[in-house]
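Novice: Encoded as structure tokens, here's the structure I'll be asking about.
The values are calculated or read from the model by the stated rules, or taken from the named source; none is laboratory data. Note that this is a predicted model, so its numbers are computed, not measured. Methodologically, a virtual Cβ is constructed for each residue, glycine included, from the backbone with ideal geometry; neighbour enumeration extends over all protein chains shown.
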Amino acid sequence: MIRVVVVDDSALIRSLLREMIDAQPDMRVVGAAADPYAAREIIRAENPDVVTLDVEMPRMNGLDFLERIMRLRPMPVLMISSLTQRNAEATLRALELGAVDFVAKPTVGIADGVRELEREIVEKIRIAADARPRQLHASPPARRVAFESTEKILAIGASTGGTEAIAALLEAFPPMAPATVIAQHMPPVFTTGFARRLDARCRINVAEARDGERLLPGHAYVAPGDFHVRVVRRGADYVASVTQDEPVNRHRPSVDVLFASVAASAGGNALGVILTGMGADGAAGLRAMRDAGAFTVAQDEASCVIFGMPKAAIALGAACEIVPLERIVTTLSERLRVRTNRM
């Protein structure tokens, strides 16, 4: 039984969340609070498996409360916040602070909208209950490496826990790293802020992918929320194709769509990395990349928030190597150096 504490200043939202959570056979609400001070006492008394948390609350905002939780008593936290640009930025900050995932609740028609999100909310509570909470501490500077070849295409796929895993990789990239294309499961509005935050933190340029855009070294391209991104060949260039084709594996963007396109367009001139996330999206695509001659890496279980996606890829034999997050960039660099020296 997953024990949940709900923290939201809206009595309506607290009631709706309690109703949908208590209707599940494997979870129940053990406490609900309108502000972080009341929540703190409930958490101390109940020691829940998961906390759902809003961003905007009285007396103390959700980000300040989350930071205290992750410093003093790390536990899985699921952010449930309104879908606005302001809250999108705050939610991305929450993921940096250690929240497992988020659900974007509607700003109008709230009661009906939250009920429509029931499947997503309870599924993400189950995911959070299995996640490894990350204690907040001062992170050491990313170890920076030099890539000896920038003519490759690097494809990265991730889901739950992926925003910070991707940031950890890109912060270590040199200014002339290979062109990098990223599929992170994330809705619209959030991907714009995610790309902007990465761009501010990294030495490479990071932006959302645009249809028809040439993919250049020293740049990373994030699939926009609710769009697939593919890598296609146009003469001697690699180009982004951004479309709203049907979701794949229930996702748009889908990691499988990105990886399959890289396998077809770049073959052995590509590298693929699958990171933390729930489900199996990306496993078949990474296998296609490996079969086409690409060098492929899966994040290891110990460093994942959720091991689902890497585990599925490993089970398919899609990964050339299984590597801790902190070793992935070095592994890619060593692979590029080996290939370059053989030329």
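Novice: Starting from region 254-279, keep only residues that are in contact (Cβ under 8 Å) with a residue 12 or more places away in the chain, then list their pairs with residues that are aromatic (Phe, Trp, Tyr) and crowded, with 24+ Cβ neighbours inside 10 Å whose Cβ atoms are within a distance under 6 Å, requiring at least 6 positions of separation or different chains.
Specialist: Pairs that qualify, where the first residue is in contact (Cβ under 8 Å) with a residue 12 or more places away in the chain and the partner is aromatic (Phe, Trp, Tyr) and crowded, with 24+ Cβ neighbours inside 10 Å, are GLY272/PHE259.
Novice: Out of the residues in region 146-189 meeting the condition of being more than 15 Å from the chain's Cα centre (by Cα) and not in a loop (DSSP other than H, G, I, E, B), tell me which one is surrounded by the fewest Cβ atoms within 10 Å (Cβ to Cβ).
Specialist: From region 146-189, those more than 15 Å from the chain's Cα centre (by Cα) are 146-154, 171-180; that's our starting set.
Checking the rest, the ones that are also not in a loop (DSSP other than H, G, I, E, B) come to 153-154, 171, 179-180.
Numbers: ILE153: 23, LEU154: 26, GLU171: 18, ALA179: 23, THR180: 25.
Once the filter is applied, the top-ranked residue is GLU171.
This table checks each residue for (1) within 18 Å of ILE153 (Cβ to Cβ); (2) assigned to a loop (DSSP other than H, G, I, E, B).
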{"residue": "PRO253", "(1), (2)": "yes, yes"}
{"residue": "ASP256", "(1), (2)": "yes, no"}
{"residue": "PHE259", "(1), (2)": "yes, no"}
{"residue": "SER265", "(1), (2)": "yes, no"}
{"residue": "GLY268", "(1), (2)": "yes, no"}
{"residue": "VAL273", "(1), (2)": "yes, no"}
{"residue": "THR276", "(1), (2)": "no, yes"}
{"residue": "ALA280", "(1), (2)": "no, yes"}
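Novice: While we're on this one: For region 92-131, give me each residue that is touching a Ser or Thr at 6+ places or on another chain (Cβ under 9 Å), of a type outside the set (Gly, Ala, Ser), buried (at least 17 other Cβ atoms within 10 Å of the Cβ) and at pLDDT below 90.
Specialist: If the condition is that a residue be touching a Ser or Thr at 6+ places or on another chain (Cβ under 9 Å), of a type outside the set (Gly, Ala, Ser), buried (at least 17 other Cβ atoms within 10 Å of the Cβ) and at pLDDT below 90, then LYS105 is the only one that fits.
Novice: Scan region 201-212 for residues that are buried (at least 17 other Cβ atoms within 10 Å of the Cβ) and assigned to a loop (DSSP other than H, G, I, E, B) and report the count. Before the answer, list the steps.
Specialist: We begin by selecting, within region 201-212, every residue buried (at least 17 other Cβ atoms within 10 Å of the Cβ); these are 202, 204, 206, 208-209.
Filter once more, keeping what is assigned to a loop (DSSP other than H, G, I, E, B): 202, 204, 209.
The number of residues fulfilling the criteria is 3.
Novice: So, one more: Search region 304-331 for residues being among the hydrophobic types (A, V, I, L, M, F, W, C) and part of a helix (DSSP H, G or I), and hand back the single one that is farthest from the chain's Cα centre (by Cα). Before you say what the answer is, go through the steps one by one.
Specialist: Kept after step one, since they are among the hydrophobic types (A, V, I, L, M, F, W, C), are these residues of region 304-331: 304-307, 309, 312-316, 318-320, 322-323, 325, 328-329.
Then drop every residue that is not part of a helix (DSSP H, G or I), which leaves 309, 312-315, 325, 328-329.
Values: MET309: 11, ALA312: 17, ALA313: 17, ILE314: 19, ALA315: 21, LEU325: 14, ILE328: 16, VAL329: 17 Å.
Step by step, filter region 304-331, then rank; the result is ALA315.
Novice: Among the residues of region 30-43, are any touching a helix residue (DSSP H, G or I) at 6+ places or on another chain (Cβ under 8 Å) and closer than 22 Å to GLU116 by Cβ?
Specialist: yes
Novice: In addition: Name the pairs whose Cβ atoms lie under 7 Å apart, with the first residue in region 1-27 and exposed (fewer than 15 other Cβ atoms within 10 Å of the Cβ), the second not in a helix (DSSP H, G or I) and not charged (D, E, K, R), and 6 or more positions between them or separate chains?
Specialist: MET1/MET27; ASP22/VAL29; ASP26/MET1; ASP26/ILE2
Novice: List every residue pair whose Cβ atoms sit under 6 Å apart, with the two residues 6 or more apart in sequence or on different chains, where the first one lies in region 172-189 and is under 13 Å from CYS202 (Cβ atoms) and the second, anywhere, is not in a loop (DSSP other than H, G, I, E, B).
Specialist: ALA172/VAL329; THR180/LEU154; THR180/ALA220; ILE182/ILE156; ILE182/VAL222
Novice: So is ASP9 at pLDDT 95 or above and farther than 25 Å from GLY161 by Cα or not?
Specialist: Values: at pLDDT 95 or above: no; farther than 25 Å from GLY161 by Cα: yes.
The answer is no for ASP9.
Novice: Whether any residue in region 190-198 is assigned by TED's automatic domain parsing to the domain that holds ALA260, of a type outside the set (S, T, N, Q) and either over 22 Å from PHE102 (Cα atoms) or not in a helix (DSSP H, G or I) (or both) is what I want to check. Steps first, please.
Specialist: Narrowing region 190-198 to residues assigned by TED's automatic domain parsing to the domain that holds ALA260: 190-198.
If we keep only those that are of a type outside the set (S, T, N, Q) too, we end up with 190, 193-198.
Those left that are additionally either over 22 Å from PHE102 (Cα atoms) or not in a helix (DSSP H, G or I) (or both): none.
There is no residue in region 190-198 that is assigned by TED's automatic domain parsing to the domain that holds ALA260, of a type outside the set (S, T, N, Q) and either over 22 Å from PHE102 (Cα atoms) or not in a helix (DSSP H, G or I) (or both).
Novice: Let me ask something additional. When GLU89 is evaluated against the numbered criteria (1) in contact with a Leu (Cβ under 6 Å, 6 or more places away or on another chain); (2) within 22 Å of THR276 (Cα to Cα), which criterion, by number, is the only one it fails?
Specialist: That leaves (1) as the condition not met.
Novice: Out of everything in region 234-259 that is under 17 Å from ALA179 (Cα atoms) and touching a helix residue (DSSP H, G or I) at 6+ places or on another chain (Cβ under 8 Å), what residue ends up being surrounded by the fewest Cβ atoms within 10 Å (Cβ to Cβ)? Spell out how you get there, then give the answer.
Specialist: Narrowing region 234-259 to residues under 17 Å from ALA179 (Cα atoms): 234-242, 255, 258-259.
Subsequent filtering for residues that are touching a helix residue (DSSP H, G or I) at 6+ places or on another chain (Cβ under 8 Å) retains 238, 241, 255, 258-259.
On the way: TYR238: 23, SER241: 19, VAL255: 35, LEU258: 28, PHE259: 36.
Once the filter is applied, the top-ranked residue is SER241.
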